[in-house]
Amino acid sequence: MEKHTLHIDYLVFETKDALPEADRTLLEQAFVAKGGSHAPYSKFNVGAALLLENGEIIRGSNQENASYPLGFCAERTAFSAAVALFPEEKIRALAITASTILSKVDSPVAPCGICRQVILEAEFKHHQNIKVILSGETGKVFVFNTVKDLLPLFFDAEFL
Ligand code: THU
């Protein structure tokens, strides 16, 4: 038996204002997207923005309904819009933010497991990494180079 350790590098910015301009612009679009959130059940409003290879930014927000498990996360809403509008386009980066009237979200929010798996597949499909920018309403911002860093023991169809 051996003990192995996973090592994941990511950047931590003190606030979103410290981000490089392109990343800050994308995150600001996630804040805009959050405005379209429909979350009367959880009261947790999430916004996501995807930057495509062609420069387009696609926004999405979480959309809940009375049947809780059927709600759409912000990330997958954005992803669905992106593949519907630009099916062949590579995704370069994803930014996520969230807020709630219940408390202050002052640390970065991370995508749920389902969204990680869905966005990771976009990396496999185009054989390229997707940068992931995670933010709360305020506070530090985390930047990961690839979705694989959020789902390190992944399953890839290339194994088949
Ligand atoms: N949610 C997202 O939209 N993205 C995430 O990364 C985490 C969770 C949504 C799902 C649900 O509408 C609400 O946030 C509370 O979980």
Using alpha-carbon positions, the gyration tensor of segment 1-70 gives root eigenvalues a ≥ b ≥ c; with a/c under 1.5 called rounded, otherwise prolate if a/b exceeds b/c, else oblate, the class is oblate
Simple spin-label estimate for A110/V32, 7 Å along Cα→Cβ, in nm, reads 2.9
As a percent rounded to 5, the proportion of antiparallel DSSP bridges among beta bridges in segment 11-159 is 80
Percent relative contact order for the chain, counting Cα pairs under 8 Å at least six residues apart, stands at 23
Here, A157 and E88, labelled 7 Å along Cα→Cβ, have an inter-label distance in nm of 1.8
Contour minus Cα-Cα span, I101 to K43, at 0.36 nm per residue, comes to 20.2 nm
Rounded to the nearest Å, the spacing of the alpha-carbon centers of segment 71-109 and segment 2-59 is 7
Ranked from fewest to most other Cβ atoms within 10 Å of their own Cβ, I114, I133 fall in the order I114, I133
Per the 1/(1 + (r/R0)^6) rule, R0 = 35 Å and r from the Cβ atoms of K140 and N65, FRET efficiency to 0.05 is 0.60
Here the relative contact order (percent) of segment 70-141, from C-alpha pairs under 8 Å and at least 6 apart, is 42
Summing +1 per Lys or Arg and -1 per Asp or Glu among the other residues with Cβ less than 14 Å from E53's Cβ gives 0
Heads up, the chain by the C-alpha gyration tensor (a ≥ b ≥ c square roots of eigenvalues; a/c under 1.5 rounded, else a/b over b/c prolate, else oblate) looks rounded
Taking r as the C-beta separation of F124 and H7 and R0 as 22 Å, the FRET efficiency to the nearest 0.05 is 0.50
Close lysine pairs (segment 81-156; alpha-carbon distance under 25 Å; 8 or more apart or on separate chains) counted at 8
Expected max-MSF residue from A74, A49, A84 in the GNM of the chain (alpha carbon, under 10 Å) is A84
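Bear in mind these aren't lab numbers, they're just calculated from the coordinates by the rules spelled out. Just so it is clear, the model here is predicted, and its values are computed rather than measured. Note that each Cβ is placed from the backbone with ideal geometry, even for glycine, and that neighbours are counted across all protein chains shown.
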